[in-house]
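Have a look at the structure below, then the notes.
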Amino acid sequence: MTTPMYIDPHAHMISRTTNDYEAMAAAGVVAVIEPAFWIGQPRTYVGTYIDYLSTIVGWERFRAGQFGIRHYCTIGLNSKEANNEELAEQVMEILPRFALKDGVVAIGEIGYDEQTPLEDKYFRAQLELAKELDLPVMIHTPHRDKKRGTSRSMDVVEEHGLPPDKVVVDHNNEETIAETLQRGFWAAFSIYPGSKMGNERMVELLKQYGAERIIVDSACDWGVSDSLAVPKTAKLAAERGIPQEQIHKACYANALAAYGQSGQMSEEDWLNPSPIDQRTLYAGNSILRGGAAPRIEEPVSPAQAEDKLIIR
Ligand SMILES: [Zn+2]
(Lines give C-alpha, C1' and ligand atoms only; values in the text may rest on other atoms or scores of the structure.)
Protein backbone atom coordinates (compact mmCIF):
# COMPACT_ATOMS: atom_id res chain seq x y z
CA MET A 1 0.00 0.00 0.00
CA THR A 2 1.31 3.45 -0.81
CA THR A 3 0.79 6.43 1.48
CA PRO A 4 -1.21 9.19 -0.19
CA MET A 5 0.41 12.61 -0.06
CA TYR A 6 -1.21 15.39 1.95
CA ILE A 7 -0.65 19.12 2.33
CA ASP A 8 -1.62 20.86 5.58
CA PRO A 9 -2.02 24.42 4.31
CA HIS A 10 -2.61 26.01 7.72
CA ALA A 11 -0.35 24.86 10.53
CA HIS A 12 1.40 27.00 13.15
CA MET A 13 4.36 24.67 13.45
CA ILE A 14 6.37 27.15 15.51
CA SER A 15 4.12 26.04 18.42
CA ARG A 16 4.45 22.32 17.75
CA THR A 17 6.98 19.71 18.74
CA THR A 18 9.29 17.44 16.79
CA ASN A 19 6.83 14.59 17.59
CA ASP A 20 4.24 16.43 15.51
CA TYR A 21 6.60 16.73 12.56
CA GLU A 22 7.50 13.04 12.78
CA ALA A 23 3.87 11.94 13.04
CA MET A 24 2.78 14.22 10.19
CA ALA A 25 5.55 12.99 7.88
CA ALA A 26 4.72 9.37 8.70
CA ALA A 27 1.02 9.99 7.96
CA GLY A 28 1.86 11.36 4.51
CA VAL A 29 2.01 15.13 5.06
CA VAL A 30 4.62 16.31 2.56
CA ALA A 31 4.20 20.06 2.95
CA VAL A 32 2.83 22.60 5.43
CA ILE A 33 1.98 26.28 5.17
CA GLU A 34 2.60 28.34 8.30
CA PRO A 35 0.48 31.49 8.33
CA ALA A 36 1.80 34.47 10.25
CA PHE A 37 -0.55 34.94 13.19
CA TRP A 38 -0.60 36.07 16.77
CA ILE A 39 1.29 34.00 19.29
CA GLY A 40 -1.08 34.14 22.27
CA GLN A 41 1.00 36.74 24.06
CA PRO A 42 0.44 40.15 22.43
CA ARG A 43 3.62 41.57 20.89
CA THR A 44 4.58 45.02 22.13
CA TYR A 45 7.42 45.94 19.75
CA VAL A 46 7.96 45.71 16.01
CA GLY A 47 11.28 44.02 16.84
CA THR A 48 9.55 40.93 18.20
CA TYR A 49 7.45 40.87 15.02
CA ILE A 50 10.58 40.99 12.89
CA ASP A 51 12.07 38.07 14.81
CA TYR A 52 8.83 36.08 14.51
CA LEU A 53 8.59 36.59 10.74
CA SER A 54 12.30 35.76 10.42
CA THR A 55 11.64 32.52 12.32
CA ILE A 56 8.82 31.38 10.05
CA VAL A 57 10.73 32.15 6.84
CA GLY A 58 14.02 30.84 8.24
CA TRP A 59 14.53 28.50 11.16
CA GLU A 60 11.11 26.82 11.04
CA ARG A 61 11.55 26.09 7.35
CA PHE A 62 14.88 24.45 8.13
CA ARG A 63 13.45 22.55 11.12
CA ALA A 64 10.58 21.10 9.04
CA GLY A 65 13.05 20.01 6.36
CA GLN A 66 15.00 18.08 8.98
CA PHE A 67 11.91 15.91 9.41
CA GLY A 68 11.25 15.53 5.69
CA ILE A 69 8.46 18.12 5.41
CA ARG A 70 8.55 21.14 3.06
CA HIS A 71 7.60 24.32 4.89
CA TYR A 72 6.06 27.44 3.36
CA CYS A 73 4.56 30.46 5.04
CA THR A 74 2.28 33.44 4.64
CA ILE A 75 3.25 36.92 5.78
CA GLY A 76 0.88 39.42 7.33
CA LEU A 77 -0.31 41.49 10.24
CA ASN A 78 -3.03 39.52 12.05
CA SER A 79 -6.39 41.04 12.89
CA LYS A 80 -5.93 40.97 16.68
CA GLU A 81 -2.70 42.93 16.59
CA ALA A 82 -4.10 45.30 13.97
CA ASN A 83 -5.90 46.84 16.96
CA ASN A 84 -2.56 48.11 18.33
CA GLU A 85 -2.21 50.99 15.89
CA GLU A 86 1.30 52.03 16.82
CA LEU A 87 2.59 48.48 16.37
CA ALA A 88 0.48 47.94 13.25
CA GLU A 89 1.93 50.99 11.50
CA GLN A 90 5.46 49.75 12.06
CA VAL A 91 4.63 46.19 11.03
CA MET A 92 3.11 47.40 7.75
CA GLU A 93 6.45 48.99 6.91
CA ILE A 94 8.41 45.76 7.28
CA LEU A 95 5.91 43.40 5.61
CA PRO A 96 6.96 43.97 1.97
CA ARG A 97 10.52 42.82 2.55
CA PHE A 98 9.36 39.61 4.23
CA ALA A 99 6.63 38.95 1.67
CA LEU A 100 9.24 38.65 -1.10
CA LYS A 101 11.32 35.98 0.60
CA ASP A 102 11.64 32.38 -0.64
CA GLY A 103 8.80 30.11 0.42
CA VAL A 104 6.24 32.88 1.03
CA VAL A 105 3.06 31.72 -0.72
CA ALA A 106 0.53 34.38 0.34
CA ILE A 107 -0.30 37.46 2.35
CA GLY A 108 -2.08 36.17 5.43
CA GLU A 109 -3.69 35.30 7.61
CA ILE A 110 -5.48 38.61 7.50
CA GLY A 111 -9.08 39.72 7.97
CA TYR A 112 -11.37 40.34 10.90
CA ASP A 113 -11.45 39.27 14.52
CA GLU A 114 -13.85 41.64 16.32
CA GLN A 115 -14.54 43.59 13.09
CA THR A 116 -13.19 46.90 14.45
CA PRO A 117 -12.34 49.95 12.28
CA LEU A 118 -8.59 49.32 12.77
CA GLU A 119 -8.94 45.70 11.65
CA ASP A 120 -10.75 46.97 8.58
CA LYS A 121 -8.04 49.54 7.85
CA TYR A 122 -5.15 47.05 7.94
CA PHE A 123 -7.10 44.30 6.16
CA ARG A 124 -7.60 46.68 3.25
CA ALA A 125 -3.98 47.88 3.31
CA GLN A 126 -2.76 44.28 3.13
CA LEU A 127 -5.13 43.40 0.28
CA GLU A 128 -3.49 46.27 -1.61
CA LEU A 129 -0.07 44.83 -0.75
CA ALA A 130 -1.09 41.40 -2.07
CA LYS A 131 -2.29 43.04 -5.28
CA GLU A 132 0.94 44.96 -5.67
CA LEU A 133 3.10 41.87 -5.11
CA ASP A 134 0.74 39.61 -7.08
CA LEU A 135 0.46 37.14 -4.19
CA PRO A 136 -2.50 34.98 -3.13
CA VAL A 137 -4.30 35.91 0.12
CA MET A 138 -5.25 33.77 3.12
CA ILE A 139 -8.23 35.14 5.03
CA HIS A 140 -8.91 34.41 8.68
CA THR A 141 -12.64 34.72 9.23
CA PRO A 142 -13.88 35.65 12.71
CA HIS A 143 -15.00 32.94 15.11
CA ARG A 144 -17.70 35.23 16.52
CA ASP A 145 -20.37 36.64 14.20
CA LYS A 146 -18.88 34.37 11.56
CA LYS A 147 -21.50 34.58 8.85
CA ARG A 148 -21.53 38.36 8.69
CA GLY A 149 -17.74 38.56 9.08
CA THR A 150 -17.19 36.11 6.23
CA SER A 151 -19.55 37.91 3.85
CA ARG A 152 -17.97 41.22 4.75
CA SER A 153 -14.44 39.84 4.15
CA MET A 154 -15.44 38.79 0.64
CA ASP A 155 -17.18 42.12 -0.02
CA VAL A 156 -13.97 43.95 0.86
CA VAL A 157 -11.82 41.66 -1.32
CA GLU A 158 -14.14 42.36 -4.26
CA GLU A 159 -14.11 46.07 -3.53
CA HIS A 160 -10.30 46.03 -3.81
CA GLY A 161 -10.50 44.20 -7.11
CA LEU A 162 -8.70 40.97 -6.19
CA PRO A 163 -9.79 37.92 -8.19
CA PRO A 164 -11.54 35.40 -5.89
CA ASP A 165 -9.48 32.52 -7.28
CA LYS A 166 -6.39 34.06 -5.65
CA VAL A 167 -8.06 34.26 -2.25
CA VAL A 168 -8.52 31.45 0.27
CA VAL A 169 -11.24 32.08 2.83
CA ASP A 170 -10.40 29.97 5.89
CA HIS A 171 -12.33 28.73 8.94
CA ASN A 172 -15.52 28.13 6.95
CA ASN A 173 -18.40 26.08 8.36
CA GLU A 174 -21.86 24.87 7.34
CA GLU A 175 -23.15 28.43 7.54
CA THR A 176 -20.62 30.01 5.20
CA ILE A 177 -19.65 27.33 2.65
CA ALA A 178 -22.40 27.97 0.10
CA GLU A 179 -21.74 31.69 -0.20
CA THR A 180 -17.93 31.28 -0.28
CA LEU A 181 -18.12 28.77 -3.13
CA GLN A 182 -20.85 30.61 -4.98
CA ARG A 183 -18.73 33.79 -5.02
CA GLY A 184 -15.77 31.89 -6.53
CA PHE A 185 -13.39 31.86 -3.55
CA TRP A 186 -11.39 28.88 -2.27
CA ALA A 187 -13.21 27.58 0.82
CA ALA A 188 -10.85 26.27 3.51
CA PHE A 189 -11.92 24.41 6.65
CA SER A 190 -9.90 24.20 9.85
CA ILE A 191 -10.63 20.89 11.54
CA TYR A 192 -10.57 21.48 15.29
CA PRO A 193 -11.13 18.77 17.87
CA GLY A 194 -14.07 19.20 20.23
CA SER A 195 -15.56 22.35 18.78
CA LYS A 196 -16.22 24.35 15.65
CA MET A 197 -15.44 22.07 12.73
CA GLY A 198 -14.81 18.37 13.42
CA ASN A 199 -13.91 15.96 10.63
CA GLU A 200 -17.27 14.15 10.62
CA ARG A 201 -18.94 17.45 9.79
CA MET A 202 -16.28 17.99 7.13
CA VAL A 203 -17.04 14.65 5.51
CA GLU A 204 -20.74 15.55 5.44
CA LEU A 205 -19.88 18.77 3.61
CA LEU A 206 -17.78 16.85 1.06
CA LYS A 207 -20.80 14.58 0.47
CA GLN A 208 -23.05 17.56 -0.03
CA TYR A 209 -20.81 19.95 -1.97
CA GLY A 210 -18.08 17.79 -3.54
CA ALA A 211 -14.46 18.93 -3.36
CA GLU A 212 -14.24 21.67 -5.98
CA ARG A 213 -12.31 24.59 -4.36
CA ILE A 214 -12.53 22.93 -0.92
CA ILE A 215 -9.38 22.86 1.22
CA VAL A 216 -8.92 20.97 4.50
CA ASP A 217 -6.37 22.12 7.11
CA SER A 218 -5.58 21.55 10.79
CA ALA A 219 -4.85 25.15 11.87
CA CYS A 220 -2.84 23.44 14.61
CA ASP A 221 -1.20 25.90 16.96
CA TRP A 222 -0.56 26.41 20.69
CA GLY A 223 -4.21 25.73 21.54
CA VAL A 224 -6.31 22.56 21.51
CA SER A 225 -5.74 21.27 17.99
CA ASP A 226 -4.65 18.17 16.08
CA SER A 227 -1.64 18.27 13.78
CA LEU A 228 -2.91 15.11 12.05
CA ALA A 229 -6.31 16.60 11.17
CA VAL A 230 -5.68 16.47 7.40
CA PRO A 231 -4.64 12.79 7.14
CA LYS A 232 -7.34 11.82 9.68
CA THR A 233 -10.03 13.63 7.67
CA ALA A 234 -8.80 11.96 4.47
CA LYS A 235 -8.98 8.55 6.10
CA LEU A 236 -12.43 9.14 7.54
CA ALA A 237 -13.67 10.47 4.21
CA ALA A 238 -12.43 7.29 2.48
CA GLU A 239 -14.17 5.13 5.09
CA ARG A 240 -17.42 7.05 4.55
CA GLY A 241 -17.29 6.51 0.80
CA ILE A 242 -15.98 9.85 -0.52
CA PRO A 243 -14.24 9.13 -3.87
CA GLN A 244 -10.42 9.16 -3.73
CA GLU A 245 -10.26 11.83 -6.40
CA GLN A 246 -12.26 14.22 -4.19
CA ILE A 247 -10.13 13.45 -1.14
CA HIS A 248 -7.03 14.15 -3.19
CA LYS A 249 -8.43 17.55 -4.16
CA ALA A 250 -9.51 18.60 -0.68
CA CYS A 251 -6.44 17.32 1.16
CA TYR A 252 -3.71 18.03 -1.37
CA ALA A 253 -4.33 19.31 -4.89
CA ASN A 254 -6.53 22.34 -4.18
CA ALA A 255 -4.08 23.81 -1.66
CA LEU A 256 -1.29 23.35 -4.18
CA ALA A 257 -3.33 24.99 -6.94
CA ALA A 258 -4.33 27.95 -4.75
CA TYR A 259 -0.98 28.71 -3.13
CA GLY A 260 1.07 27.50 -6.11
CA GLN A 261 -0.10 30.70 -7.81
CA SER A 262 2.65 32.41 -5.80
CA GLY A 263 5.26 30.64 -7.92
CA GLN A 264 6.88 29.59 -4.62
CA MET A 265 5.45 26.10 -4.17
CA SER A 266 5.57 23.16 -6.56
CA GLU A 267 5.35 19.38 -6.38
CA GLU A 268 8.99 19.12 -7.41
CA ASP A 269 9.90 20.43 -3.94
CA TRP A 270 8.78 17.23 -2.22
CA LEU A 271 8.96 14.69 -5.03
CA ASN A 272 12.70 15.28 -5.34
CA PRO A 273 13.75 16.50 -1.90
CA SER A 274 17.29 16.48 -0.70
CA PRO A 275 17.78 13.56 1.72
CA ILE A 276 17.39 14.26 5.44
CA ASP A 277 20.69 14.85 7.16
CA GLN A 278 20.19 16.01 10.73
CA ARG A 279 23.85 16.97 10.98
CA THR A 280 22.96 20.02 8.87
CA LEU A 281 23.31 23.39 10.59
CA TYR A 282 21.17 26.53 10.29
CA ALA A 283 23.10 29.65 11.30
CA GLY A 284 25.39 27.37 13.31
CA ASN A 285 22.63 25.40 15.05
CA SER A 286 21.19 21.94 14.48
CA ILE A 287 17.97 20.35 15.78
CA LEU A 288 20.01 17.80 17.74
CA ARG A 289 20.67 17.89 21.46
CA GLY A 290 23.88 16.70 23.13
CA GLY A 291 24.69 13.13 22.14
CA ALA A 292 21.56 12.54 20.02
CA ALA A 293 22.16 10.37 16.97
CA PRO A 294 21.38 12.27 13.77
CA ARG A 295 18.99 10.80 11.23
CA ILE A 296 20.80 10.55 7.91
CA GLU A 297 18.98 9.29 4.83
CA GLU A 298 20.36 7.82 1.67
CA PRO A 299 18.88 9.53 -1.38
CA VAL A 300 15.67 7.71 -2.44
CA SER A 301 13.74 7.78 -5.68
CA PRO A 302 10.21 9.23 -5.56
CA ALA A 303 8.82 5.73 -6.20
CA GLN A 304 10.61 4.34 -3.14
CA ALA A 305 9.58 7.35 -1.08
CA GLU A 306 5.91 6.70 -1.81
CA ASP A 307 6.19 3.19 -0.40
CA LYS A 308 7.03 4.32 3.13
CA LEU A 309 4.11 3.81 5.51
CA ILE A 310 5.88 2.67 8.60
CA ILE A 311 4.96 4.65 11.71
CA ARG A 312 7.67 3.97 14.26
ZN1 LIG B 1 -4.15 30.26 12.06
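The values are calculated or read from the model by the stated rules, or taken from the named source; none is laboratory data. None of these values were measured; they are calculated from a predicted model. Please note: Cβ atoms are built from the backbone with ideal geometry, for glycine as well, and neighbour counts cover all protein chains shown. Only protein heavy atoms, including side chains, enter the accessible area calculation; ligands, DNA and RNA are left aside. Shrake-Rupley method; radii C 1.70, N 1.55, O 1.52, S 1.80 Å.
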Set of lysines near residue 166 by C-alpha distance (under 23 Å), chain-local residues within fewer than 8 positions excluded:
101, 121, 131, 146, 147, 249
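Determine the share of the chain's accessible area contributed by carbon and sulfur atoms, expressed in whole percent, with a 1.4 angstrom probe. List each step's numbers first, then the result.
On the way: 7050 of 13600 Å².
With neighbouring chains kept in place, the figure for the chain is 52 percent.
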Cβ-based charge dipole, the chain, positive-most Cα from 262, 247, 103
247
Put a dot 7 Å past each Cα toward the Cβ at residue 86 and residue 295; how far apart are the dots in nm?
4.5 nm
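Could you calculate, for the range 1-145, the ratio of the Cα radius of gyration to the Kirkwood radius, expressed as Rg to Rh? Mind showing how you got there, number by number?
Working: Rg = 15.5 Å, Rh = 15.7 Å.
On the Cα set of the range 1-145, Rg over Rh gives 0.99.
Give the ranking of 59, 186, 222 by solvent-accessible surface, highest area first, calculated with a 1.4 Å probe. All intermediate terms of the calculation are to be shown ahead of the outcome.
Values: 59 75, 186 30, 222 125 Å².
Descending order: 222, 59, 186.
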Quick one: length gained pulling residue 200 to residue 145 fully straight, 0.36 nm per residue minus the C-alpha distance?
17.5 nm
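Mean separation of Cα pairs under 8 Å and 6+ residues apart, divided by the residue count of the chain: what relative contact order is that in percent?
Numbers: 578 pairs, mean separation 63.8, N = 312.
Normalised by residue count, the contact order of the chain is 20 percent.
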Throw me the Rg/Rh for the chain, computed over C-alpha atoms with Kirkwood Rh, two decimals.
0.95
To the nearest 10 square angstrom, what accessible area does residue 62 show with a 1.4 Å probe?
30 Å²
Roughly how many nanometres apart are two label points built 7 Å out from the Cα toward the Cβ at residue 239 and residue 175?
2.9 nm
Residue span residue 22 to residue 128: 0.36 nm per residue of separation minus Cα-Cα distance leaves a gain in nm of 34.4 nm
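Hey, can you find the accessible area per residue of the chain for me, probe 1.4 Å, expressed in square angstrom? Can you show the working numbers first?
Numbers: 13600 Å² over 312 residues.
Accessible area per residue: 44 Å².
Give the ranking of 287, 296 by solvent-accessible surface, highest area first, calculated with a 1.4 Å probe.
On the way: 287 35, 296 85 Å².
Sorted by accessible area, descending: 296, 287.
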So what's the back-of-envelope 222 nm ellipticity for the chain, counting only DSSP H runs of four-plus at -39500 (n - 2.57) apiece and dividing by all residues, rounded to 500?
-11000 deg cm²/dmol
